[in-house]
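Here's the structure, in structure tokens; my notes come after.
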Amino acid sequence: MFLLLSAAGNTFAGSATWDLNPGSGDWNTAANWTPVGVPNGATDIATFGLSHTTTVFISAQTKVSAITFASGASAYAIANRNDTAMGGPLILSGTGIVNNAGTNQTFITQAGLFQNFPSGGYIEFMNTATAGSVTTFINNGPPNVFGNGGFTGGQTYFFNSSSAGSGTFINNGGTISSGGIAGGTTFYDNSSAANGVFINNGGAAIGGNIVSTSGGATGIGAGATAANGTFMNYGGTGSGGRGGSTSLGGNGANATFINYGGTASGAGGGFTELFFSHAGNATFINNGSTVAGAGGGFTELLGNATADSATLISNGGTSGGQGGQILFEDSSSGGTSRVEVFGNGSLDVSKHFGQAGVSIGSLGGDGNVFLGAQNLSVGANNLNTAFSGAIQDAGIAGGSGGSLTKIGSGTLVLSGANTYTGDTNINGGILEVDGSINSNTFVHNGSTLAGGGTVNGNLTNKGTVSPGDPLGILTTSNYTQTQFATLMIQIAGANAGESGVLDVLGTANLTGHLDPVLLNGFVPTVGESFTFLDYASLTGKLFVFDRNIDNAAEHWKVTYNPTNAILTVAPGNVPLPDTESTLLLLTLSLLGLGGTAIKCRTIR
């Protein structure tokens, strides 16, 4: 009898096909399969075709190489039971899921329900297994239970070099407080999100003494990649409900992360966290809330995470809802990322503690930038961008004295009212101020300050200042131009407003060069004059190397009046300064005598 039983027992394992008319929906009942036996081995393949029972549950730990849905198969829902320890996990260790049916196949992991079984069920993909295509995985969050935060939602895990394929993963939030773990999907080792879609739903608070609930979550471990996945993190649905989230510890690659605002007052927005990770070329979109008192979606860079060449966008909220946020914290870095903020959406670097501050590729939009006491460098990707919002101190960490540095070869146009109180340094490219900045501003060699706005602090020019954009008036408090710097004045006509003007409200302290530049083929006539510099007081003069006007028998004459300086067109051409005279001028300038020499050379 023992031998007969042993022989019969051997039929209870191996590859098999789910019956057309099984006796129940229990995967782990041998009679429900043909040949009789439960597929539950590392090399086993479970095949599903047409069946009258398409709701299948797993009641014990089950491991197979693959699950295959044959051509023309029914649409199945395969779930773990949650009234047994671990909820009946399913492990795929070979090919994974192959769906030839053309219809969506659903897998459900249940959350723990009872004190005796607090842990949810799970699905594991191992080795090179894939979640396939036209498949949906629903990982349910903890149930509506008061006073116990130990319940765990259903989970889907990827290990080794497994892949999410083109599957859709829905991770649901919980309705309990005190740290219950919501439904989730997690990637470990070298696994990949591939082309998967990940929907992380927010938690739903239920009133009473419940103060917070967890949202559904996707985690991407240190060696894993988000690949080309799409991650949608939705906001909480009740007061105290946290948003769904994605935690990126690996590489963002070419993925898209979309964070949505909360849908009820007091609910948090969906969010993406980068921790000691790389954003790659990913796109992060943070949407504001449409409900007053609800949080917007946000992306947070922590540790030494880097934004690489990612695109980060924060959109504004409406109807009193908070805007989306981009947060650089700890020692994170912005790489060459493209940052765009709109409405009451924001970029906030106030919690960054690196001495050099945060450097990003570019800045655009009309939202808010909060610096706290930190420095923000803009321009690492050499793009030309415009920002009409407000760059200011404060932020989530508070602080004042924030500063701005323009780097790279591109142009950054600032057309808003910027109130940060630290210095502005232009180290590369062009900073065009068409709005206002309050800080002391330094233009360094090889860089340019342009625009028709206002620098409310003092302006020191060691590079090039070109008032207007290109025409118009640039206003500053006091102006100092150093020996090798240039004041470029562009002229397009003889009428008011057709030339650049530097308006210095205080003292203009001048050395260096004046460079008049004619635009659009304009040639002035003898006797026409152009005021290019206004001031309350003046020290020094500027030197025009070539005073002759191209293609005309005319030259520039510079006159310094008590409150302004004027370019006047005089007849005839004049010789260029010879090299020895130029060197002498520079030497005299170093000795503090350059003003007299320049006067002799430039005023006829």
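What is the mean projected area of the alpha carbon convex hull for the chain, to one decimal in square nanometres?
About 35.5 nm², averaged over all directions.
Subtract the Cα-Cα distance of ASN561 and SER529 from 0.36 nm times their separation in residues, and report this length gain in nm to one decimal.
Stretched out fully, the ASN561 to SER529 stretch lengthens by 10.2 nm.
If you project the alpha carbons of the stretch 423-604 onto the principal axes, what extent comes out on each, in Å, largest first?
Principal-axis extents of the Cα atoms in the stretch 423-604, largest first: 44, 39, 31 Å.
Given the peptides 270-281, 123-134, arrange them by the average over their residues of other C-beta atoms within 10 Å, most packed first.
Answer by packing, highest mean first, reads 270-281, 123-134.
Tell me, in nm to one decimal, what length is gained between ASN548 and THR103 on full extension, where the rule is 0.36 nm per residue of separation less the Cα-Cα distance?
152.3 nm
Under the rule of -39500 (n - 2.57) per DSSP H run of 4 or more residues, summed and divided by the residues of the chain, what mean residue ellipticity at 222 nm is obtained, to the nearest 500 deg cm²/dmol?
Here the helix-only value at 222 nm equals -1500 deg cm²/dmol.
Check the straight Cα-Cα distances from LYS462 and name the aspartates and glutamates below 19 Å, setting aside those fewer than 8 residues away within the same chain.
Candidates past the 8-residue exclusion: ASP423, GLU432, ASP503, ASP515.
Highest mean first, what order results for 420-432, 382-394 on Cβ atoms within 10 Å?
On the way: 420-432: 22.3, 382-394: 19.5.
Packing proxy ranking, top to bottom: 420-432, 382-394.
Among 247-255, 501-509, 292-300, 90-98, how do they line up by average Cβ neighbours within 10 Å per residue, starting with the highest? Don't skip to the end; give the middle numbers.
Values: 247-255: 23.4, 501-509: 19.7, 292-300: 25.2, 90-98: 21.2.
Most protected by this proxy first, the peptides run 292-300, 247-255, 90-98, 501-509.
So which lysines can LYS557 reach, going by Cα to Cα under 18 Å and dropping same-chain residues fewer than 8 places off?
LYS541, LYS599
Pull up the cross-link candidates among the lysines for LYS351, meaning alpha carbon to alpha carbon under 26 Å and not fewer than 8 places away within one chain.
Answer for LYS351, where 26 Å is the Cα cut-off: LYS406, listed by chain and number.
So between PHE522 and ALA356, what do we pick up on full extension, going 0.36 nm a residue minus the alpha carbon distance?
55.2 nm
Efficiency by 1/(1 + (r/R0)^6): what FRET value for ALA417 and SER59, r their Cβ-Cβ distance, R0 = 60 Å, to the nearest 0.05? Before the final figure, lay out the partial values.
On the way: r = 66 Å, r/R0 = 1.09.
Taking R0 as 60 Å, the efficiency between ALA417 and SER59 is 0.35.
Calculate the spin-label point distance for ALA570 paired with SER409, positioning each point 7 Å from the Cα along the beta-carbon direction, and give it in nanometres.
In this crude spin-label approximation the distance works out to 4.0 nm.
To the nearest 0.05, how large is the calculated FRET efficiency for ASN254 and ALA292 if R₀ is 41 Å and r is the Cβ-Cβ distance?
FRET efficiency, ASN254 to ALA292: 0.70.
Which value, to two decimals, describes the C-alpha radius of gyration of the stretch 212-307 once divided by 2.2 N^0.38 Å?
Numbers: Rg = 12.9 Å, N = 96, 2.2 N^0.38 = 12.5 Å.
The reported ratio for this selection is 1.03.
Taking the 0 to 90 degree range and rounding to the nearest ten, how far is the long axis of helix 579-590 tilted relative to the main principal axis of the chain, both from C-alpha atoms?
Approximately 80 degrees, to the nearest 10.
Using only alpha carbons, build the gyration tensor for the stretch 493-540 and give me the equivalent ellipsoid semi-axes, biggest first, whole Å.
The three semi-axes for the stretch 493-540 are 24, 12, 10 Å.
Give the calculated FRET efficiency between ASP19 and ASP189 to the nearest 0.05, with a Förster radius of 25 Å applied to their Cβ-Cβ distance.
0.10
Quick one: which residues, 5+ away or cross-chain, put their amide H under 5 Å from the amide H of ASN259? H built at 1.01 Å from N.
ASN233, ILE285, ASN286, ASN287
In what order do SER15, SER403 fall by count of nearby beta-carbon atoms within 10 Å, going from fewest to most?
Fewest-to-most ranking of SER15, SER403: SER15, SER403.
Every number in this text was worked out from the coordinates using simple rules, so none of it is lab data. Please read these numbers as outputs of a predicted model, since none were measured by experiment. Here the Cβ is made from the backbone with ideal geometry for all residues, glycine too, and neighbour counts use every protein chain on show.
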